[in-house]
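So the structure is just underneath, and the comments pick up after that.
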Amino acid sequence: MAEALLTLEALRFDAGGHTLIDSVSARIAALRRTVILGPNGAGKSVLMRLMHGLLEPVSGRVHWSGGKAPVQAMVFQRPVMLRRSVLDNLTYALALAGVAAGERRTRAMDVLQRVGLAHLASRPARVLSGGEQQRVALARAWALRPAVLFLDEPTASLDPGASAEVERLIGVIAADGCSIVMSTHNLGQARRLADDILFIDSGRIAEHTPAADFFAAPRSAQAEQFIRGELSWT
Amino acid sequence: MDMIRRSLISAVAAAAVAFASPVSFAAERFITVSSTTSTENSGLFKHLLPVFEAKTGIQVRVVALGTGQALDMARRGDADVVFVHDKKAEEKFIAEGYGVSRQDVMYNDFVLIGPKADPAKVVGGKDITAALTAIRAAQAPFVSRGDKSGTHAAELRLWKAAGVEGDAPTGDWYRSTGSGMGAALNTASSMNAYIMADRGTWLSFKNRGDLTVVVEGDNRLFNQYGVILVNPEKHAHVKKADGQAFIDWVVSAEGQQAIAGYKIGGEQLFFPNAAK
Amino acid sequence: MSTVGESFVTAAGLVVAADPRLLDIVCLSLTVSLSAVFIASCLGLPIGAAIAVGRFPGRRTLTVVLNGLMGLPPVVVGLLVYLLLSRAGPLGALGLLFTPSAMVIAQVVLITPIIAALSRQIVADAWRDYEEQLRSLGASTPRAACTLLIDTRFSLSTAVLAGLGRAVAEVGAVMIVGGNIEGVTRVMTTSIALETSKGDLPLALALGFILIAIVLILNALAHAVREWAVRRHG
């Protein structure tokens, strides 16, 4: 099996008297695309926020290989665009990441070029379409040159055309040498993007297998039911 | 970042412009006079001060309050000169050591104002205490300043002379408003009430409605104005020389003439009577 | 002619004749209130943002107190500032009483809570949308507060205008600390009070109309600029 990116050790997270994540232990592989799959309310978003450090676990821990957390970024379901130009949205993130002032602009323009948004660089980010905003969010994340990129349902609010473009970009970023951890409840998307599937249900891991095995023959009853349920809707 | 810098720079520039103007006032040579609404509202100062300012280059800043407040303001050291009309209170002020000395400047008189319908039947009388007694007997509406001003003090003295026990008359008909001369006149005008006013403010007052002068000319309605330099020994920052210059001018022949020259509709408002 | 009609004619006459004394009074009103708004914004905006974004004990209490202070009675503020600046008071040596600076100070005390409370609300609302993204990018709390102030600038203009409206229309505080000295501390509102006490109600009302017109024009201008900016920047 591939080298580990991070290891989750008996993670638990409570909120409002409910246990949202319970006894989650897993080993996320480096330089692969891990898709967290599961029904709504399974705890996918919470789990990713625990990995990214936006939430602190009640118990257990997130252990990064190499001892300390690498450069990482996260793209959310709804992109948060600052009220400034597309370019300034990227240079802002680079400034926070400690990139030298002289270097920010070139680096930002370079990334915008690669995602095909260079022509929008001077446009106010807030007036772009949802799909364009999500691509700017991806570019902003990518500009940080993260070792791992977290994506929380990145296409859930997009139309099919924009979704396809976002999926394509995720592939490009992964190919650039970035580990991907992404949540979705869209089976088709999981099939297209995943190397590994981490299937969770009610805050616990039901199954963690390579994507090919998962779709060929899910081992857990919950996953099998989920696949059947989702297929019956599509 | 650029945007922040730009907005910061423009903000600081705006602040500099905004501050330049208020600060520039502080550089001028001026004295602060605490005085009464009657002198300010009647327009006397507007007539008097430009003459003094042109002659001496000393700007006179008048803060108009009731006599009681004007004296309190000077007690706290916030005025250089006091120009008020309540001799008893002024003498107390001197006795407490807040004022250097008091000089008579001018007088006018109080008048009893009332509705033309005259429910208390006092019109044309010359005896102010008789008129007040009649108003009280008729329970006709009466508006009082109620603000410890010179006019208020004079009114209370007259009620006492009319045989009222305690500080002031009581009853629904007697309305203590706690306001300046003009505001009290507005109230009386809208209530069609009797009220005691200084003649100067009455003559320059425009919102008379149905009100008119009902009693005047009683010696007890005499209203003396005095001027006092605030004691520099109590408040070291008092502008002694410029304040004294103003006092000297007001009681001089020239100042006294200027006071006598102030008229509204041909009627003289104040009568100079400084000791020669 | 009715008082109101007469006042309209008087107001128009004063404006058309560009009465120099009126101009002085209007200028002083605007200088004092704009200075106060500037200082109150420098204080109130960061305070509001800090309370919205910061996590410290007593934050809720502070919010309640701040909201309560929005209703500070001007006369009480005037009295407090008067006692502070009076020669017998702690700051008497500065000789600021009965100067425009004293009026600025009183108005700053009066409107800083208004600007702070309104900006706290605006920034707190934005923080809900931005928090995860900004924390993901590694923004410190002060940096996040700063970013939010910039990003909510169009909404914050409403908070600042509310402060300006209050400052320019207020009479109780400036009357006490300014003394309504002709040519020095006489502003629109104290002139109106003075003309009312002289019984010249038409002139008082005419000045009132001019004051209302100025406030309306300022608000219309701000609104137009804001609309234009929102259309442009989203």
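Please treat every number below as a calculation from the coordinates, not as lab data. Being a predicted model, the structure only gives us computed values, none of them experimental. Ideal geometry is used to build each Cβ from the backbone, glycine not excepted, and the neighbour counts take in all protein chains shown.
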message: Using amide H atoms built in the peptide plane, which far-off residues or other-chain residues are under 5 Å from A:GLY116 H to H?
response: none
query: What is the Cα radius of gyration of chain C over 2.2 N^0.38 Å, N being its residue count?
result: 1.16
Euclidean distance between Cα centres, the range A:146-185 to the range B:128-157, Å: 87 Å
- request: Compute the long axis of helix A:221-233 from its Cα atoms, compare it with the longest principal axis of the Cα atoms of chain A, and write down the angle in degrees, 0 to 90, nearest 10.
  value: 60 degrees
- prompt: Within straight cross-link reach of B:LYS206, meaning Cα distance under 17 Å, which lysines are found once same-chain residues fewer than 8 apart are removed?
  reply: B:LYS116, B:LYS263, C:LYS198
query: So how strong a dipole does the range C:3-233 carry about its Cα centre when Lys and Arg Cβ are +1 and Asp and Glu Cβ are -1, to the nearest 20 debye?
result: 760 debye
query: For the range A:166-215, what number results from the quotient of the Cα radius of gyration and 2.2 N^0.38 Å?
result: 1.18
message: Quick check on the exposure proxy: order B:THR170, B:THR39 from fewest to most C-beta atoms within 10 angstrom.
response: B:THR170, B:THR39
field: Relative packing of peptides A:72-79, B:209-216 - highest average C-beta neighbours within 10 Å first
entry: A:72-79, B:209-216
statement: Scalar couplings 3J(HN,Hα) for the range C:115-120 by Karplus 6.51 cos²θ - 1.76 cosθ + 1.60 (θ = phi - 60°), nearest whole Hz, x for Gly and Pro, are 5, 5, 5, 5, 6, 4
query: If one computes the Cα centroid of the range B:53-91 and of the range A:187-210, what distance in Å separates the two points?
result: 86 Å
message: For a quick check: sort A:HIS119, A:HIS185, A:HIS63, B:HIS152 by the number of other beta carbons within 10 angstrom, fewest at the front.
response: A:HIS119, A:HIS63, A:HIS185, B:HIS152
task: Could you name the lysines whose alpha carbon sits less than 25 Å from that of A:LYS68, not counting residues in the same chain fewer than 8 places away?
output: A:LYS44
- request: On each of the three principal axes of the Cα atoms of the range B:125-276, give max minus min coordinate, whole Å, ordered largest first.
  value: 53, 40, 26
field: For the protein assembly as shown, Kirkwood radius (reciprocal of mean inverse C-alpha pair distance, Å)
entry: 31.6 Å
field: Relative counts (whole %) of C-alpha pair distances in the range C:151-234, using bins that are 5 Å wide
entry: 3, 14, 19, 19, 14, 11, 9, 6, 4, 1, 0
- request: For the range B:201-274 and the range C:197-234, write down the distance between their C-alpha centroids in whole Å.
  value: 39 Å
field: For the range A:120-222, fraction of C-alpha pairs farther apart than 19 Å, in %
entry: 49 percent
message: How tilted is helix A:130-143 with respect to the longest principal axis of chain A? Cα atoms for both, answer in degrees (0 to 90, nearest 10).
response: 90 degrees
- prompt: Averaged across the residues of C:145-153, what count of C-beta atoms belonging to other chains lies within 10 Å of each residue's C-beta?
  reply: 3
query: Relative contact order, percent, of chain B when contacts are C-alpha pairs under 8 Å separated by at least 6 residues?
result: 27 percent
- line: Note: chain B at 37 °C, 0.692 mPa s; Kirkwood Rh on alpha carbon pairs; Stokes-Einstein D in µm²/s works out to 161 µm²/s
task: Could you name the aspartates and glutamates whose alpha carbon sits less than 14 Å from that of B:LYS240, not counting residues in the same chain fewer than 8 places away?
output: B:ASP78, B:ASP80, B:ASP248
message: If I build a Gaussian network model for chain A, linking alpha-carbon pairs within less than 10 angstrom, which residue out of A:ALA141, A:ALA217, A:ALA174 has the largest mean-square fluctuation?
response: A:ALA217
field: Shielding by other protein chains, C:180-192, mean Cβ within 10 Å
entry: 3
field: GNM top mover of A:LEU11, A:LEU20, A:LEU96 - chain A, alpha-carbon springs below 10 Å
entry: A:LEU96
statement: Highest GNM mean-square fluctuation among B:ASN219, B:ASN192, B:ASN41, for chain B with Cα springs under 10 Å, belongs to B:ASN219
- prompt: Per the Cauchy relation, a quarter of the hull surface: what is the mean projected area of the convex hull of the alpha carbons in the range A:59-186, in nm²?
  reply: 8.9 nm²
task: May I ask you to list, by number, the DSSP H helices of chain B whose Cα span along the axis is at least 18 Å and whose average Kyte-Doolittle hydropathy reaches -0.5 or more?
output: B:2-25, B:44-56
- prompt: Which residues' amide hydrogens lie under 5 Å from the amide hydrogen of A:ALA4, considering only partners 5 or more residues apart or on another chain, with H built in the peptide plane?
  reply: A:ALA30
message: How tilted is helix A:101-114 with respect to the longest principal axis of chain A? Cα atoms for both, answer in degrees (0 to 90, nearest 10).
response: 70 degrees
query: Equivalent-ellipsoid semi-axes (√(5λ), Cα gyration tensor) for the range B:201-276, whole Å, largest first?
result: 32, 16, 13
query: Taking the Cα atoms of chain A alone, what are Rg (to one decimal) and Dmax (as a whole number) in Å?
result: 17.8, 55
